[in-house]
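A.B. asks: Have a look at the structure that comes next, please.
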Amino acid sequence: MTHNSTSGRPSVLIIGSGFGGLGMAIKLKQASFTDFTLLEKSDRVGGTWRDNTYPGAACDVQSHLYSYSFEPKHDWSRKFGLQQEILGYMERCVEKYRLADHIRFHAEVQQATFDEPSNQWTVTLANGEQLTANVLITATGQLNQPAWPRLNGLEQFTGKVFHSARWAHDYDLSGKRVAVIGTGASAIQFVPEIAPKVARLDLFQRSGAWVLPKPDRAFKRWEHTLFRRIPVWDRLYRYLIYWKNESRALAFTRFRWLLEFRARQSKRDAQRLVTDSTKLKHIIPDYSFGCKRILISNDWYPAINRSNVNLVTNPIDRIDETGVFTSDGHHHAVDAIICGTGFRASEFLSPIQITGRGGKSLNEAWQTGAAAFKGITVSGFPNMFMLYGPNTNLAHNSILYMLESQFHYVLGCLESLEQYPHSAMDVRQDRQDRFTHVVQQSLKNKVWSSGCTSWYLDANGRNTINWPGFTFTYRFATRRVDTADYQFLYPETPN
Ligand SMILES: Cc1cc2nc3c(=O)[nH]c(=O)nc-3n(C[C@H](O)[C@H](O)[C@H](O)COP(=O)(O)OP(=O)(O)OC[C@H]3O[C@@H](n4cnc5c(N)ncnc54)[C@H](O)[C@@H]3O)c2cc1C
């Protein structure tokens, strides 16, 4: 199947239908692009919010800000959205903007190759089908591929094993002995939900998490009425949340002592809510506040304090048929193992074989770590635009704000392409290198590099995940496309 531009405008293939892919599609439609297709490996839109259905799954950013700025929802049930409601919001966007005809489900992209003579991308799906287009936009997210722990003997375990991002809803945990591996952002949400119903929960912790209270509650009826009747109040509310969250970047970027202040608050909460002194000793992290993702929860410490929750800090040695052996030789017999071990964040697009100019693969280009100009374009990969790419994750605000900056920039690129018909734009290597250098220099003295191991760092210890500053700085950097940053290539035969 060929997606040659019929309208004289570039044809576009988007990989993924999470917030990135859907938002980009809406923006393309609003800009009167008609020739675009979203390729989704799953059977439903939603990405993160389709896959993470574990009990208690919810957002850590306030609903009014964790939604598109151009598509307000006035009746969010809570201050912080729950998974199902967020997924419902995304599905309503598909309906409202009539995107269904543009989405192909069960379309897993395995390869994408740039063909220099024609200036086109050819995408190969898992079923062998090939599609071509002028432009490739990747919206595969950073937190899409579950990370499984490498544990000796896991395959021998005869009980139930699953990852929190693929929750086994058909498995009843009531009265079961359960091992939970990991104490990250997902575990902190599902452990308090399952702890009251399981017989025993062995929580295997490599390092503690810094936890702050979640200022969450249901919205009242009058608040919904206000948001609906006075839309400007809804927008002002969003604006206030944005600046409140943005002010946290000051602690990450400028005033590290503010982090110390928050650490003291977290310790005080732990001391108040965890009465078991051994658990308390282990639950408070020994690394700097903010080095790993700061978590927010009101029921984590009470859950840890439960008598049926056993906090295990000895490293896991191996798994056998019936449970988990720790390094002290203790055997923890369990019926189920739940891996709350996060995602392979720094691998980005690597499951897809992407080949650019001169037959160079993206994995080769990224041998020393993922890098992209403004987190969006990679030299040698013309007309390929990444959403939520390297160094565009945040520790303090909504990813949707970053994605919207990227939609704007990509649309700017497509407009540039229209100015140079049939061309493909390739970011200049020196511009990309300069941008990467500035970002990496800026990350050097940040708390994320203060010595802990976290998913922010790749195998080489380089932070290829986080944006080092304010989100408005990123918006400023992506506000317009400077064509001087790009080389425009022409095909041998115009298409
Ligand atoms: C549990 C959890 C909680 C989170 N909480 C927050 C939060 O509180 N605040 C915040 O700002 N962010 C949060 N995030 C980050 C979240 O991922 C982003 O906010 C946002 O949802 C990313 O959207 P995306 O479209 O870029 O990626 P995703 O939502 O990951 O969507 C990617 C899509 O691409 C598809 N795909 C991947 N590979 C292929 C392929 N080869 N072929 C075809 N389709 C493919 C996937 O199936 C998926 O549908 C959270 C993430 C997780 C996992």
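A.B. asks: Quick check on packing: order 270-278, 143-151 by the mean number of other C-beta atoms within 10 Å, highest mean leading.
C.D. replies: In descending order of packing, they fall as 143-151, 270-278.
A.B. asks: Among 419-425, 229-235, 174-180, what's the highest-first ranking by average C-beta atoms within 10 angstrom per residue?
C.D. replies: 174-180, 419-425, 229-235
A.B. asks: Same structure, new question: Report the Stokes-Einstein translational diffusion coefficient (µm² s⁻¹, integer) for the range 71-206, Rh taken as the Kirkwood radius over Cα pairs, at 20 °C with viscosity 1.002 mPa s.
C.D. replies: 110
A.B. asks: Where the accessible area of the chain is counted over protein heavy atoms with a 1.4 Å probe, how much of it, in %, is carbon and sulfur?
C.D. replies: Ligands and nucleic acids excluded, carbon and sulfur give 50 percent.
A.B. asks: Right, something else. Output the Kirkwood hydrodynamic radius of the range 317-459, Cα pairs only, in Å rounded to one decimal.
C.D. replies: After inverting the pairwise mean of 1/r, the radius is 18.3 Å.
A.B. asks: Amide H neighbours of F36 under 5 Å, counting only residues 5+ apart in sequence or on other chains, H built in-plane at 1.01 Å?
C.D. replies: Residues meeting the criterion, in which the H sits 1.01 Å from N, are V12.
A.B. asks: For K29, go through the lysines and keep the ones whose alpha-carbon is under 19 Å away, minus same-chain ones fewer than eight residues off.
C.D. replies: K29 reaches K96.
A.B. asks: Using a 4.7 Å Cβ cut-off, which Cys residues in the chain lack a partner cysteine?
C.D. replies: Among the cysteines of the chain, those whose Cβ sits 4.7 Å or more from every other are C59, C93, C339, C413.
A.B. asks: In terms of modelled amide H atoms, which long-range or inter-chain residues lie less than 5 Å from the amide H of A107?
C.D. replies: Result for A107 returns E40, K41, S42.
A.B. asks: Taking only protein heavy atoms into account and a 1.4 Å probe, give the accessible area per residue of the range 1-106 in Å².
C.D. replies: 38
A.B. asks: May I ask you to work out the translational diffusion coefficient for the range 405-495 at 20 °C, viscosity 1.002 mPa s, via Stokes-Einstein with Rh from the Kirkwood sum over Cα pairs, reported in whole µm²/s?
C.D. replies: Stokes-Einstein gives a translational diffusion coefficient of 139 µm²/s.
A.B. asks: With axes computed from alpha carbons, what is the tilt in degrees of helix 399-419 against the longest principal axis of the chain, rounded to the nearest 10 within 0 to 90?
C.D. replies: Long axis of 399-419 versus the principal axis of the chain: about 10 degrees.
A.B. asks: List the pair-distance distribution P(r) of the range 333-389, using every Cα-Cα distance, as the percent of pairs falling in each 5 Å bin from 0 up to the bin containing the longest distance, rounded to whole percents.
C.D. replies: Spelled out bin by bin, the range 333-389 gives 4, 16, 25, 21, 9, 6, 5, 5, 5, 3, 1 percent.
A.B. asks: Here is a further query. If one takes the longest principal axis of the Cα atoms in the chain, at what angle in degrees, from 0 to 90 and to the nearest 10, does the Cα axis of helix 19-30 lie?
C.D. replies: Once rounded, the angle reads 30 degrees.
A.B. asks: What do the square roots of 5 times the Cα gyration tensor eigenvalues come to for the range 56-129, in whole Å, largest first, as semi-axes of the equivalent ellipsoid?
C.D. replies: Working through the eigenvalues yields semi-axes of 35, 14, 13 Å.
A.B. asks: I need the phi-derived Karplus couplings for the range 66-80: 6.51 cos²θ - 1.76 cosθ + 1.60, θ = phi - 60°, integer Hz, Gly and Pro marked x.
C.D. replies: 8, 7, 5, 5, 8, 9, x, 10, 8, 10, 3, 6, 10, 4, 10
A.B. asks: Identify the chymotrypsin sites (Phe, Trp or Tyr not before Pro) of the range 162-209 meeting these criteria: DSSP loop state and at most 16 other C-beta atoms within 10 Å of the C-beta.
C.D. replies: In loop regions of the range 162-209 (DSSP not H, G, I, E or B), the sparsely surrounded chymotrypsin sites (Phe, Trp or Tyr not before Pro) are Y171.
A.B. asks: Post the alpha-carbon centroid distance, the range 460-495 to the range 106-157, in whole angstrom.
C.D. replies: Between the Cα centre of the range 460-495 and that of the range 106-157, the gap is 21 Å.
A.B. asks: Per residue, how much accessible area does the range 321-375 have with a 1.4 Å probe, in Å²?
C.D. replies: That works out to 40 Å² per residue.
A.B. asks: Then there's this: With every protein chain present, what is the per residue accessible area of the range 151-190 (1.4 Å probe, Å²)?
C.D. replies: Using a 1.4 Å probe on heavy atoms only, each residue of the range 151-190 averages 42 Å².
A.B. asks: Working from Cα positions, state the angle (0 to 90°, nearest 10) between the long axis of helix 231-253 and the longest principal axis of the chain.
C.D. replies: The helix 231-253 is inclined about 70 degrees to the chain.
A.B. asks: Follow-up question, since we're still on this one. Using just the helices of the chain, give the 222 nm mean residue ellipticity in deg cm²/dmol: DSSP H runs with n ≥ 4 each add -39,500 (n - 2.57), and the total is spread over all residues, rounded to 500.
C.D. replies: Result for the chain: -9000 deg cm²/dmol, rounded to the nearest 500.
A.B. asks: Check the straight Cα-Cα distances from K281 and name the lysines below 17 Å, setting aside those fewer than 8 residues away within the same chain.
C.D. replies: K267
A.B. asks: With N denoting the number of residues in the range 1-123, provide Rg(C-alpha) divided by 2.2 N^0.38 Å, to two decimal places.
C.D. replies: 1.18
A.B. asks: Can you give the extra length, in nm with one decimal, that the chain gains between D43 and R228 once fully stretched, where that is 0.36 nm per residue apart less the Cα-Cα distance?
C.D. replies: Contour length minus Cα-Cα distance gives 63.3 nm.
A.B. asks: With Rg and the Kirkwood Rh both taken from Cα atoms, where does Rg over Rh land for the chain?
C.D. replies: When Rh is taken as the Kirkwood radius, the ratio is 0.97.
A.B. asks: Mark the label point 7 Å from the Cα of W243 along Cα→Cβ and return the residues of the range 47-64 whose backbone N is within less than 20 Å of it.
C.D. replies: 62-64
A.B. asks: Among the GluC sites (Glu not before Pro) in the range 313-422, which ones are in a DSSP loop with at most 11 other Cβ atoms within 10 Å of the Cβ? Mind listing them?
C.D. replies: Those satisfying the criteria are E321.
A.B. asks: Using a cut-off of under 15 Å, list every residue of the range 25-63 whose amide N is near the label point 7 Å from the Cα of K197 along the Cα-to-beta-carbon line.
C.D. replies: In the range 25-63, the label zone of K197 (backbone N under 15 Å from the point 7 Å along Cα→Cβ) covers 53-57.
A.B. asks: For D172, project a label point 7 Å along Cα to C-beta. Then give me every residue of the range 307-344 with its amide nitrogen under 20 Å of that point.
C.D. replies: 334-338
A.B. asks: Ordered by residue, what ³J(HN,Hα) values in Hz, to whole numbers, does the range 365-382 give under the Karplus form 6.51 cos²θ - 1.76 cosθ + 1.60, where θ = phi - 60° and Gly and Pro are x?
C.D. replies: Using θ = phi - 60°, the values come out as 4, 9, 3, 9, x, 5, 7, 8, 5, 6, x, 10, 10, 10, 4, x, 10, x Hz.
A.B. asks: With respect to the cross-link table entries K41/K197; K220/K244; K73/K244; K79/K374; K41/K244; K41/K79, which display a Cα-Cα separation exceeding 27 Å?
C.D. replies: K41/K197; K79/K374; K41/K244; K41/K79
A.B. asks: How large is the Rg to Rh ratio of the range 152-287 when both quantities use alpha carbon positions and Rh follows Kirkwood?
C.D. replies: So for the range 152-287, dividing Rg by the Kirkwood Rh gives 1.07.
The values are calculated or read from the model by the stated rules, or taken from the named source; none is laboratory data. From a predicted model like this one, the values you see are computed outputs, not experimental measurements. Note that each Cβ is placed from the backbone with ideal geometry, even for glycine, and that neighbours are counted across all protein chains shown. Calculation scope for accessible area: heavy atoms of the full protein, side chains included, ligands and nucleic acids excluded. Shrake-Rupley method; radii C 1.70, N 1.55, O 1.52, S 1.80 Å.
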